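Chemist: Here it is, the structure, as structure tokens.
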């Protein structure tokens, strides 16, 4: 199901705390960084905080800059992003600033929590998710509301859950030059099982006396459940398809092979290196040793379903993938009948025990360099 791009935003002390235990909120960011956060808020469709953050900090969660608000309205967007909170219990104070500033609000809660939240008359749309909070249902509902980019500002429990479930596309972490040192103070991330491998460092920036670090997860999902890294790698495969020399007789396709720990092993695209008949998956796999021990647990991302039949060479890409040992494939677009009738690379792969994950929300991107073939 299509989901919003989920951006986690937080500031921490050098020893990893979000706050201290004093009665006032500990200000970790610098004035210039608060302005950067305001800029990020203005760029998203919704901002989410947990009920604990509302109780502890009583935030307004506004875009403070009048110029940025004006730019939003000029672009046809609401003046303020949608404000979202999550509460399993529905125990929310109707007097909090969250409800009385900005634009529209949504509360996601359980069935029991919804009864409690409605009873106190919150100025918000209240959505019950069942007996438990279900992040996939929550994010899918936000996407249905037109939220393409979601900024999550805390607290630590929510950041932890989204990362552990592979639903965070980006982490924007600000490191402040101070220590808290109180074991009772809240930390950014809690214990539990996180994705394997290292996150990719996208950017570092000094902002007065703090440092902004932006990270993206890289480790593929497991089985049929896609995660945020799967969407990142499939976007890259679609971008590689745009590098293909144009053709009237073959699709433009991009492919990336990624190890289980998030290491990119190889990439390729159709007609790469002046080979007029090479396919994307073929080009990528050719760059790896056939006995590479990382292949059996790797994932291959292809903008188009791997082919089951081809006339240019004897082995279609679905068979090449199976021969390499790869058993997980993520693709954006089923092969149409343009050149091959009833192409079914997915069937070839799944009948041999491979897992094929289809993310049709990227189909238009995969089709873009092939529009001339689809008329």
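Chemist: List residues of the stretch 236-256, by number, whose backbone nitrogen lies under 15 Å from a label position 7 Å along Cα→C-beta of residue 372.
Modeler: Under 15 Å, as judged by backbone N against the label point of residue 372, lie 242-253 of the stretch 236-256.
Chemist: Using Cα pairs closer than 8 Å and at least 6 residues apart in sequence, work out the relative contact order for the chain, in percent. Let's see the in-between values first.
Modeler: On the way: 812 pairs, mean separation 54.2, N = 375.
Relative contact order comes out at 14 percent.
Chemist: Applying a 10 Å radius around every beta-carbon, put 12-24, 219-231 in order of their mean neighbour count, most first. Write out the running numbers ahead of the final one.
Modeler: On the way: 12-24: 15.7, 219-231: 18.9.
Highest mean packing first, the order is 219-231, 12-24.
Chemist: Right, here's the next one. So what is the calculated 222 nm ellipticity per residue for the chain, using -39500 (n - 2.57) for each DSSP H run with n of 4 or more, over all residues, to the nearest 500 deg cm²/dmol?
Modeler: Details: 11 runs with 97 residues, N = 375.
-7000 deg cm²/dmol, from helical runs alone.
Chemist: Angle, helix 135-144 long axis vs. longest principal axis of the chain, Cα atoms, 0 to 90°, nearest 10?
Modeler: On a 0 to 90 degree scale, this one is about 80.
Chemist: When 367, 77, 287, 375 are ordered from fewest to most other Cβ atoms inside 10 Å of their Cβ, what list results?
Modeler: Values: 367 20, 77 15, 287 12, 375 4.
Least to most surrounded, the residues fall as 375, 287, 77, 367.
Chemist: Once both axes come from the Cα atoms, what is the angle between helix 31-43 and the longest principal axis of the chain, in degrees from 0 to 90, rounded to 10?
Modeler: 60
Chemist: To continue, here is another question. Work out how much length residue 339 to residue 361 would gain on full extension: take 0.36 nm times their residue separation and subtract the Cα-Cα distance, in nm to one decimal.
Modeler: On the way: separation 22, 0.36 × 22 = 7.92 nm, distance 2.34 nm.
Between residue 339 and residue 361, full extension yields 5.6 nm more.
Chemist: Between the stretch 1-66 and the stretch 118-192, what is the C-alpha centre distance in whole Å?
Modeler: So the two Cα centres are separated by 11 Å.
Read-outs: derived from the displayed coordinates by stated rules, not from any lab. Just so you know, these numbers come straight off a predicted model, no measurement behind them. Glycine also receives a Cβ, built like all others from the backbone with ideal geometry; neighbour counts cover every protein chain displayed.
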